[in-house]
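Everything on this sheet refers to the single structure shown next.
The values are calculated or read from the model by the stated rules, or taken from the named source; none is laboratory data. Note that the structure is a prediction, hence the values are computed from the model and not measured. Using ideal geometry, Cβ is built from the backbone for each residue, glycine included, and neighbour counts are taken over all protein chains shown.
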């Protein structure tokens, strides 16, 4: 499957209301757009589905908005996975890989369902696939004071030089495109951000990204909303992408 590149005019037609009957075939990749800014009554309902460990994590956030977004993200993730597994959200159980990637625990792991969650500011993205490793990343495009030094540290020389060659106003978008592609790959493999600078991505301001590090993965770029960029990396090819609003 070729990487998917979208311009700002396309993204509204990409994200559709979810069907009432979810079917996930081996070649399907479902991407869920999640609004993390939920009303208090909804947050209370979502919090009731969380585990005690998740509630403890939520309570450690200093700012209320960060706590609320965590509850919304985890609660809606449970709701989405519960639909595929045909169980109540509170019965979804997680394990964690050595570098922190959540996976389904216990007998739920036998379902073959793979997922990954990412969030930035008030928007989240959840990717779901069947028996394929998957990683997603979403970033809000914003000014970065040390953008050039970060690019030099985490990007390969060719990638860094492309960022530097652009006008200042274009640099954040390219920077976050590189970042989301690299992070989505590392989240898919479960390797974490320690190897960000080792992942090679080819892109231009007008062409979609290609993952050069490995031919065993498909990389797709998506625009989930204005001023956001996201990337999805899935094991294998011949994928059927469907994007839903939660």
Listed by range, helices (runs of 4 or more DSSP H) wholly within the range 15-89 having at least 1 residues that are touching a helix residue (DSSP H, G or I) at 6+ places or on another chain (Cβ under 6 Å) and within 18 Å of residue 116 (Cβ to Cβ) are 52-59, 64-85
Residue list for the range 100-149, restricted to those being without any contact (Cβ under 8 Å) to a residue 12 or more places away in the chain, over 27 Å from residue 37 (Cα atoms) and either in contact with a helix residue (DSSP H, G or I) (Cβ under 8 Å, 6 or more places away or on another chain) or assigned to a loop (DSSP other than H, G, I, E, B) (or both): 146
Can we say residue 163 is closer than 25 Å to residue 237 by Cα and either modelled with pLDDT of 95 or more or surrounded by fewer than 22 Cβ atoms within 10 Å (Cβ to Cβ) (or both)? no
I need the full set of residues from the range 209-226 which are more than 15 Å from the chain's Cα centre (by Cα) and either within 17 Å of residue 187 (Cβ to Cβ) or at pLDDT below 95 (or both), in order please. 209, 211, 213, 214, 215, 216, 217, 226
Name the pairs: first residue in the range 53-71 and farther than 19 Å from residue 95 by Cβ, second residue at pLDDT below 95 and not in a helix (DSSP H, G or I), Cβ to Cβ under 6 Å, at least 6 apart or on different chains? 67/61
Scope the range 72-99; condition touching a residue at least 60 places away in the same chain (Cβ under 8 Å) and more than 22 Å from residue 244 (Cβ to Cβ); matching residues: 97, 98, 99
So, in the range 27-41, of the ones that are in contact (Cβ under 8 Å) with a residue 12 or more places away in the chain and over 30 Å from residue 218 (Cβ atoms), which residue ends up surrounded by the fewest Cβ atoms within 10 Å (Cβ to Cβ)? 37
